[in-house]
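The values are calculated or read from the model by the stated rules, or taken from the named source; none is laboratory data. None of these values were measured; they are calculated from a predicted model. Note that each Cβ is placed from the backbone with ideal geometry, even for glycine, and that neighbours are counted across all protein chains shown.
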Amino acid sequence: MTKTEPLKNSLISVIIAAYNAQDTLEKCIRSVCAQTHSEIEILIVDDKSTDHTRKKAEKLKNEDNRIRLLEMPQNGGPGAARNMALESARGEWIAVVDSDDTIGPDRLEKMLSTASDHKVDIVFDNLVYHPLGNRENYNYLADDLPVFGALPAQTYIRSGCLTDPLPNLGFLKPFIRREMIEAAKIRYDENLRVGEDCMLILDLFAYGAKAWLLREPLYHYYKHKNSISSVFDKNRIQSIKNAVTTYRKKNEEKMNSETRAAVSEFESDLIRVLQAKELLEPLSIAALRRAASQAWSERETRPHLLRELRHQVKRRIKG
């Protein structure tokens with residue numbers, strides 16, 4: 001008997017929030033239906049789309065009885081849609097997939113096996129990043145990064161800081177033990193339109209969840225012009241900063257010193273991002289002078305100002 005045999009028949013709930021995803025939903029769903037681990041249910045939540053997303057979802061549902069279609073009463077964003085799916089999920093494990101992405105055929109099988117082998121509550125995998133245009137795909141996390149294997153909370157949190165050498169691990173899509181979500185009474189923050197996965201994971205870490213990061217890239221992330229992550233504006237950043245502040249105050253006593261320091265660094269980093277936006281938005285000669293003066297006197301703000309300057313220049317070029 002192998003270590004993973006007890007989990008062979010485990011039901012996995014794949015939750016997919018879909019808003020105006022008519023062009024990408026079918027490719028996404030077909031990649032999920034083709035999984036080598038067949039004991040799955042696929043919960044598509046139509047977040048009150050205004051295109052043909054629902055019609056596409058109904059067509060797919062008629063082709064595979066593992067698909068269930070849910071509909072939001074009004075557009076609520078990805079967090080609200082995923083919460084609806086969590087309320088209906090029946091699986092022992094939850095896999096989050098975005099409606100404009102795809103997954104490799106053995107992704108769920110490998111994540112389930114990893115969870116069993118290492119006795120963890122959350123599994124992440126590396127992802128293949130598909131950029132806009134004709135640029136080549138690449139693995140989001142380089143093979144030589146010292147991050148694979150057991151993943152502590154402080155590493156996950158610090159990766160969200162602009163100055164951290166790691167890419168932001170908040171982009172990785174989680175595979176989560178549902179029992180942990182229900183025991184902790186955790187749900188997505190519906191006020192967030194970006195960063196909602198990250199904050200859910202932080203809540204699970206605070207509850208004592210253990211995580212593992214696979215080196216293999218099994219998730220395919222496609223960058224689109226209309227991706228939520230491509231419109232990372234000031235209001236969204238402010239919402240994340242507020243969520244992190246609330247999280248710190250709520251869980252400070254439960255954190256060890258390393259995690260507490262990581263959360264404080266993340267909060268400070270978000271404040272610097274907001275300050276950079278305030279200085280450089282809108283872009284002008286006066287704004288550039290103010291930013292240059294601050295960069296000269298406050299070294300720690302330089303990377304944030306430089307990133308915001310690049311962002312503003314790109315916006316100007318695109319018109």
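Looking only at segment 64-95, which residues are within 19 Å of HIS37 (Cβ to Cβ), out of contact with any Cys (no Cβ under 6 Å at 6 or more places or on another chain) and surrounded by fewer than 21 Cβ atoms within 10 Å (Cβ to Cβ)?
If we filter segment 64-95 for residues that are within 19 Å of HIS37 (Cβ to Cβ), which is where we start, we get 64-68, 85, 89-95.
With out of contact with any Cys (no Cβ under 6 Å at 6 or more places or on another chain) added as a condition, the list becomes 65-68, 85, 89-95.
Selection gives ASN65, ARG66, ARG68, ARG90, GLY91, GLU92.
ILE157 meets each of the listed conditions (1) aliphatic (A, V, I, L, M); (2) within 25 Å of SER264 (Cβ to Cβ); (3) more than 14 Å from the chain's Cα centre (by Cα) apart from (3). Going by what's in this entry, would GLU265 be described as within 30 Å of LEU204 (Cα to Cα) and loosely packed, with under 14 Cβ neighbours inside 10 Å? Answer is no for this residue. The residues of segment 283-306 that are exposed (fewer than 14 other Cβ atoms within 10 Å of the Cβ) and either in contact (Cβ under 8 Å) with a residue 24 or more places away in the chain or under 26 Å from the mean Cα position of the chain (by Cα) (or both) amount to a single one, GLU300. Scanning segment 110-123 turns up one or more residues that are touching a residue at least 40 places away in the same chain (Cβ under 8 Å), assigned to a helix (DSSP H, G or I), assigned by TED's automatic domain parsing to the domain that holds LYS27 and of a type in the set (Val, Ile, Thr).
When GLU196 is tested against (1) surrounded by 21 or more Cβ atoms within 10 Å (Cβ to Cβ); (2) of a type outside the set (S, T, N, Q); (3) more than 12 Å from the chain's Cα centre (by Cα), only condition (3) is not met. Residues that are more than 14 Å from the chain's Cα centre (by Cα) and either over 16 Å from GLU41 (Cα atoms) or assigned to a helix (DSSP H, G or I) (or both) within segment 82-101 comprise ASN83, MET84, ALA85, LEU86, GLU87, SER88, listed in sequence order.
Does any residue of segment 228-236 turn out to be under 21 Å from GLY79 (Cα atoms) and at pLDDT 95 or above? Looking through segment 228-236, none of the residues is under 21 Å from GLY79 (Cα atoms) and at pLDDT 95 or above.
Just to be sure, is ARG236 out of contact with any Gly (no Cβ under 9 Å at 6 or more places or on another chain) and surrounded by 15 or more Cβ atoms within 10 Å (Cβ to Cβ)?
Values: out of contact with any Gly (no Cβ under 9 Å at 6 or more places or on another chain): no; surrounded by 15 or more Cβ atoms within 10 Å (Cβ to Cβ): yes.
It is false that ARG236 is out of contact with any Gly (no Cβ under 9 Å at 6 or more places or on another chain) and surrounded by 15 or more Cβ atoms within 10 Å (Cβ to Cβ).
Pairs are defined by a Cβ separation below 6 Å, a sequence spacing of at least 6 or placement on different chains, a first member in segment 47-60 that is among the aliphatic types (A, V, I, L, M), and a second member that is assigned to a helix (DSSP H, G or I) and surrounded by 15 or more Cβ atoms within 10 Å (Cβ to Cβ); the pairs so defined are LEU60/ILE29.
Restricting the search to segment 136-173, which residues are part of a helix (DSSP H, G or I) and within 19 Å of ALA95 (Cα to Cα)?
So the first thing to find is which residues in segment 136-173 are part of a helix (DSSP H, G or I), and the list is 153-158, 169-171.
Hits for segment 136-173 are TYR156, LEU169, GLY170, PHE171.
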